[in-house]
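Colleague: Questions regarding the structure given below will be posed in turn.
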Amino acid sequence: MPILQTRDLTFSFRKDQPVVRQLNLSVEPGTIYGFLGPNGAGKTTSIRLILGLLQPTDGSVELFGEDLSTNRTSIFQRTGALIEQPSLYLHLSGRQNLEIARRYTRTPASRIPEVLEMVGLTHAAGKNAKEYSLGMKQRLGLAMALLHRPELVILDEPTNGLDPTGIIEMRELVRQLSREWGTTIFVSSHLLSEVERMCTHVGIIHLGSLRFQGSLAELQEAQAGTRHLHFQTSDNQAAAGVLHAIYGLKYRDGEALTVPFQNREEVASINRRLVEAGLDVYELRVHHSDLEEMFLEMTR
Amino acid sequence: MQLAYLPQSVRIEFLKNRKTAAFWLSVAGAAFVPTLMLIAYLWKNTQNFIPPGLKNTAWDIFFGRAWGIEIVLFLPFYVVLINSLVVNTEHRSNTWKYVFTQPFPKWSVWTGKLIGVQALILFHFALFGVLVLTNGWILSLVDERYGFGRTTPDLLLFWKMIGKTYLATLGLSGIHFWLASRLRNIILPIGMALVGMVLSGLALQANWAYIDWFPYSYTLLSVKDAKAPIPARHEWIAIGYFIVLNVAGYFDISRRNMG
């Protein structure tokens, strides 16, 4: 049973202008689900719907198999969230903010030093949150979300505003939560590379609609047919002739030659044919735009 | 049991109110008029010596003056500001989305915050009362001609007046607590309080028939007729405003789209 499921979730701020259209998300327990889409695709709106901060125009949200509209408190006891800019009481110290989170979630006080350590804020726990850097604020927000050891953590663009070290630390923390605690993580991002590095599953949203949903391997499979080989030879016209029969390749003056391929054996076979035809191969390059290009294709 | 959430909600609001402008405003606001009175009595001492045999005791006069200044100059602004500041903490900290994704019922979050505000206002009233009594006692030590030593203060009347005035502020709390939950702006509520006070003054002079329905005038009405029963008619209406507006405010915020 999915830990998070939306059914035909639809939302519009203004009539006839849906921001989220019939979204059917399905997140299995134990996965790291990357919710990917360009800025303005409806990611944050979807997350706000999932957390009940917006009332859906249509459709429903289920968390842990329970309907959000009727089981808020029991659902939120098992969920932690970090949405957009962190929610912090800036006039209070890091520790006092965690004290508030602790009371909301009825967590033992001993957990506070643990999460402070986990996000690397032990040294700054006594400082007021308004003196924190953006990265520190983000980490404190995360500590508040993780305090009660939620089974599901929802993170909205958690690396926004972080420096490269912060981004790596955040990624490592997400993996660690998944590995050590089996926490399910739903994380939104506009960066494919980030999702590729961090997630096991991915949902791609564009203009409010889900364009793809599945494991990272399924996504890679889906783009397998789109890989291309670029090459240059001593005589491109002749090379095009050699490969014409198999690939329907046509030579155009001044352009590099490009053929689609499935696997690396095929790359070797193409090279062999060219060499056997007496051509010098100057360059043979696998075009590695892969997911990035597919992502752009989907969201164009 | 749903009600079990409430004490914890209130405790959380107390934690949030620590170190805030709202808290310090309550302290400073309570101390302002009593301190002003102390200085005035010490400065212009001969004018404030109360001869024996007057119907009103030195305590009555001291307290009446302090109370009048407090209500006319300060109290409505304080109540409006405290409601706005406390609720504004959630706007400024971006925490509405946080508190409404916690395992607490929304009504409990709302009521906890409401009680947090009222606790600050009551704390302000209590501190004001204690400081007035303390300053009267200080004056009695400075010079017996002030007349504080001749009688004991009428504590019952004293706290009765404070209680009446507190009830009179509930109408303002009803309006501005809800308004602050919708509005990030703090200037507008203060402007409303200012206009409301001026209109109250005019309405009072003109003996406007419906003044009982105008919440900004309630503190003036309470101080005007100290002999009136508790709660007086306008104080009942203030309680009514408070209850109705808070219930409406809760239904408003619980259905509202956050962000």
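Colleague: Condition check: closer than 20 Å to A:Ile32 by Cα, in contact (Cβ under 8 Å) with a residue 12 or more places away in the chain and within 11 Å of chain B (Cβ to nearest Cβ). Does A:Glu151 satisfy that?
Modeller: Values: closer than 20 Å to A:Ile32 by Cα: yes; in contact (Cβ under 8 Å) with a residue 12 or more places away in the chain: yes; within 11 Å of chain B (Cβ to nearest Cβ): no.
No; evaluated as a whole, the condition is false for this residue.
Colleague: Could you list, in sequence order, the residues of region A:166-200 that are among the charged types (D, E, K, R) and either closer than 19 Å to A:Leu134 by Cα or without any contact (Cβ under 8 Å) to a residue 60 or more places away in the chain (or both)? Outline the logic, then answer.
Modeller: Step one: list which residues in region A:166-200 are among the charged types (D, E, K, R), which gives A:169, A:171-172, A:175, A:179-180, A:194, A:196-197.
Result: A:Glu169, A:Arg171, A:Glu172, A:Arg179, A:Glu180, A:Arg197.
Colleague: With the condition being of a type in the set (Ser, Thr, Tyr), I'd like the helices (runs of 4 or more DSSP H) fully within region B:92-190 carrying at least 2 qualifying residues.
Modeller: Passing ranges, in order: B:106-142, B:155-182.
Colleague: Under 9 Å by Cβ, and 6 or more places apart or on different chains, what pairs join a residue from region B:34-55 that is surrounded by 11 or more Cβ atoms within 10 Å (Cβ to Cβ) with one that is among the hydrophobic types (A, V, I, L, M, F, W, C) and not in a helix (DSSP H, G or I)?
Modeller: Matching pairs, first to second residue: B:Ile50/B:Phe148.
Colleague: A further question on this structure: Which condition breaks for A:Ser193 when tested against (1) loosely packed, with under 15 Cβ neighbours inside 10 Å; (2) more than 25 Å from A:Gly40 (Cα to Cα)?
Modeller: (2)
Colleague: Kindly provide the set of residues from region A:104-128 that are crowded, with 16+ Cβ neighbours inside 10 Å and facing chain B (nearest Cβ under 9 Å), ordered by number.
Modeller: Matches in region A:104-128: A:Tyr104, A:Thr105, A:Asn128.
Colleague: Sort through A:Pro2, A:Pro86 and tell me the only one that's surrounded by 16 or more Cβ atoms within 10 Å (Cβ to Cβ), touching a helix residue (DSSP H, G or I) at 6+ places or on another chain (Cβ under 7 Å) and assigned to a loop (DSSP other than H, G, I, E, B). If you could, list the steps in order and put the result at the bottom.
Modeller: On the way: A:Pro2 fails: touching a helix residue (DSSP H, G or I) at 6+ places or on another chain (Cβ under 7 Å).
Testing whether each residue is surrounded by 16 or more Cβ atoms within 10 Å (Cβ to Cβ), touching a helix residue (DSSP H, G or I) at 6+ places or on another chain (Cβ under 7 Å) and assigned to a loop (DSSP other than H, G, I, E, B) leaves just A:Pro86.
Colleague: Given the residues A:Ser46, A:Ser60, which is the only one that is of a type in the set (S, T, N, Q) and either in a helix (DSSP H, G or I) or within 12 Å of another protein chain (Cβ to nearest Cβ) (or both)?
Modeller: None of the other options fit; the residue is A:Ser46.
Colleague: Count, please, the residues in region A:103-120 that happen to be outside any helix (DSSP H, G or I), under 12 Å from A:Met144 (Cβ atoms) and modelled with pLDDT of 95 or more.
Modeller: Of all residues in region A:103-120, those outside any helix (DSSP H, G or I) come to A:106-110, A:119-120.
Subset that is under 12 Å from A:Met144 (Cβ atoms): A:107, A:119.
Filter again for modelled with pLDDT of 95 or more, leaving A:107.
Of the residues in that region, 1 qualify.
Colleague: Tell me which residues, restricted to region B:1-12, are modelled with pLDDT under 90 and assigned to a helix (DSSP H, G or I). Talk me through it step by step, then tell me what you get.
Modeller: Kept after step one, since they are modelled with pLDDT under 90, are these residues of region B:1-12: B:1-4.
Answer for region B:1-12, where residues must be modelled with pLDDT under 90 and assigned to a helix (DSSP H, G or I): B:Gln2, B:Leu3, B:Ala4.
Colleague: Further question on the same structure: Would you be able to say whether some residue in region A:5-19 is part of a loop (DSSP other than H, G, I, E, B), over 30 Å from B:Val10 (Cβ atoms) and within 11 Å of chain B (Cβ to nearest Cβ)?
Modeller: Just the residues of region A:5-19 that are part of a loop (DSSP other than H, G, I, E, B), to begin with: A:13-17.
Okay, now just the ones that are also over 30 Å from B:Val10 (Cβ atoms), so A:13-17.
If we keep only those that are within 11 Å of chain B (Cβ to nearest Cβ) too, we end up with A:13.
Scanning region A:5-19, I find at least one residue that is part of a loop (DSSP other than H, G, I, E, B), over 30 Å from B:Val10 (Cβ atoms) and within 11 Å of chain B (Cβ to nearest Cβ), so the answer is yes.
Quick grid of which residues meet (1) farther than 24 Å from B:Val132 by Cβ; (2) basic (Lys, Arg); (3) in contact (Cβ under 8 Å) with a residue 24 or more places away in the chain:
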{"site": "B:Leu167", "(1), (2), (3)": "no, no, yes"}
{"site": "B:Ile186", "(1), (2), (3)": "yes, no, yes"}
{"site": "B:Tyr210", "(1), (2), (3)": "yes, no, no"}
{"site": "B:Leu221", "(1), (2), (3)": "no, no, yes"}
{"site": "B:Tyr241", "(1), (2), (3)": "yes, no, yes"}
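Colleague: Which of the residues belonging to region B:56-70 are of a type outside the set (Gly, Ala, Ser) and either surrounded by fewer than 21 Cβ atoms within 10 Å (Cβ to Cβ) or not in a helix (DSSP H, G or I) (or both)? Give the steps one after another, and end with the answer.
Modeller: We begin by selecting, within region B:56-70, every residue of a type outside the set (Gly, Ala, Ser); these are B:56-57, B:59-63, B:65, B:67, B:69-70.
B:Asn56, B:Thr57, B:Asp60, B:Ile61, B:Arg65, B:Ile69 - these are the residues of region B:56-70 that are of a type outside the set (Gly, Ala, Ser) and either surrounded by fewer than 21 Cβ atoms within 10 Å (Cβ to Cβ) or not in a helix (DSSP H, G or I) (or both).
Colleague: I'm trying to understand the selection: among the residues of region B:204-220, which are under 23 Å from B:Pro189 (Cα atoms) and part of a helix (DSSP H, G or I)?
Modeller: Passing the criteria: B:Leu204, B:Ile211, B:Asp212, B:Trp213, B:Pro215, B:Tyr216, B:Ser217, B:Tyr218, B:Thr219, B:Leu220.
Colleague: Moving to a separate point now. For region B:221-235, what are the residues that are assigned to a helix (DSSP H, G or I) and basic (Lys, Arg)? Spell out how you get there, then give the answer.
Modeller: Initial filter on region B:221-235 (assigned to a helix (DSSP H, G or I)): B:221-224, B:233-235.
Correct list: B:Lys224, B:Arg233.
Colleague: Just to be sure, is A:Thr73 facing another protein chain (nearest Cβ under 7 Å) and surrounded by fewer than 18 Cβ atoms within 10 Å (Cβ to Cβ)? Please lay out each step first, then the result.
Modeller: Details: facing another protein chain (nearest Cβ under 7 Å): yes; surrounded by fewer than 18 Cβ atoms within 10 Å (Cβ to Cβ): yes.
In short, yes.
Colleague: Now, a different point. Can you confirm whether region B:13-33 contains a residue that is within 14 Å of chain A (Cβ to nearest Cβ), charged (D, E, K, R) and assigned to a loop (DSSP other than H, G, I, E, B)? Give the steps one after another, and end with the answer.
Modeller: Just the residues of region B:13-33 that are within 14 Å of chain A (Cβ to nearest Cβ), to begin with: B:13-25.
The next check asks that each one be charged (D, E, K, R); those that pass are B:13, B:16, B:18-19.
With the extra rule that they be assigned to a loop (DSSP other than H, G, I, E, B), the set shrinks to B:18-19.
Yes, there is a match, as at least one residue in region B:13-33 is within 14 Å of chain A (Cβ to nearest Cβ), charged (D, E, K, R) and assigned to a loop (DSSP other than H, G, I, E, B).
Colleague: If you don't mind, another one. Please state which one of B:Leu156, B:Leu85, B:Leu114 is within 14 Å of another protein chain (Cβ to nearest Cβ), closer than 27 Å to B:Ile237 by Cβ and of a type outside the set (D, E, K, R).
Modeller: B:Leu85
Colleague: Are any residues in region A:83-103 farther than 20 Å from A:Glu131 by Cα and either more than 29 Å from the chain's Cα centre (by Cα) or more than 7 Å from chain B (Cβ to nearest Cβ) (or both), and if so, which ones?
Modeller: Step one: list which residues in region A:83-103 are farther than 20 Å from A:Glu131 by Cα, which gives A:83, A:102-103.
Of everything in region A:83-103, those that are farther than 20 Å from A:Glu131 by Cα and either more than 29 Å from the chain's Cα centre (by Cα) or more than 7 Å from chain B (Cβ to nearest Cβ) (or both) turn out to be A:Arg102, A:Arg103.
Colleague: Go over the candidates A:Gly52, A:Gly65, A:Gly37 one by one and state the one that is within 20 Å of the chain's Cα centre (by Cα), assigned by TED's automatic domain parsing to the domain that holds A:Thr159 and not hydroxyl-bearing (Ser, Thr, Tyr).
Modeller: Values: A:Gly52 fails: within 20 Å of the chain's Cα centre (by Cα); A:Gly65 fails: within 20 Å of the chain's Cα centre (by Cα).
Selected residue: A:Gly37, the only one of A:Gly52, A:Gly65, A:Gly37 that is within 20 Å of the chain's Cα centre (by Cα), assigned by TED's automatic domain parsing to the domain that holds A:Thr159 and not hydroxyl-bearing (Ser, Thr, Tyr).
Colleague: Please go through region A:54-96 and give me each residue that is in contact with an Asp or Glu (Cβ under 7 Å, 6 or more places away or on another chain), at pLDDT 90 or above and acidic (Asp, Glu), ordered by number.
Modeller: Answer for region A:54-96, where residues must be in contact with an Asp or Glu (Cβ under 7 Å, 6 or more places away or on another chain), at pLDDT 90 or above and acidic (Asp, Glu): just A:Asp58.
Colleague: Moving to a separate point now. Consider only pairs whose beta carbons are under 7 Å apart and that are at least six residues apart or on different chains; among these, list those whose first residue lies in region A:253-268 and is without any contact (Cβ under 8 Å) to a residue 24 or more places away in the chain and whose second residue is among the charged types (D, E, K, R) and not in a loop (DSSP other than H, G, I, E, B).
Modeller: none
Colleague: Okay, next question. Would you check if there is a residue in region A:157-165 being touching a residue at least 24 places away in the same chain (Cβ under 8 Å) and either within 13 Å of chain B (Cβ to nearest Cβ) or part of a helix (DSSP H, G or I) (or both)?
Modeller: No, because not a single residue in region A:157-165 is touching a residue at least 24 places away in the same chain (Cβ under 8 Å) and either within 13 Å of chain B (Cβ to nearest Cβ) or part of a helix (DSSP H, G or I) (or both).
The values are calculated or read from the model by the stated rules, or taken from the named source; none is laboratory data. Everything quoted here is computed from the prediction, not taken from an experiment. Cβ sites come from the backbone with ideal geometry, for glycine too, and all protein chains shown count toward neighbours.
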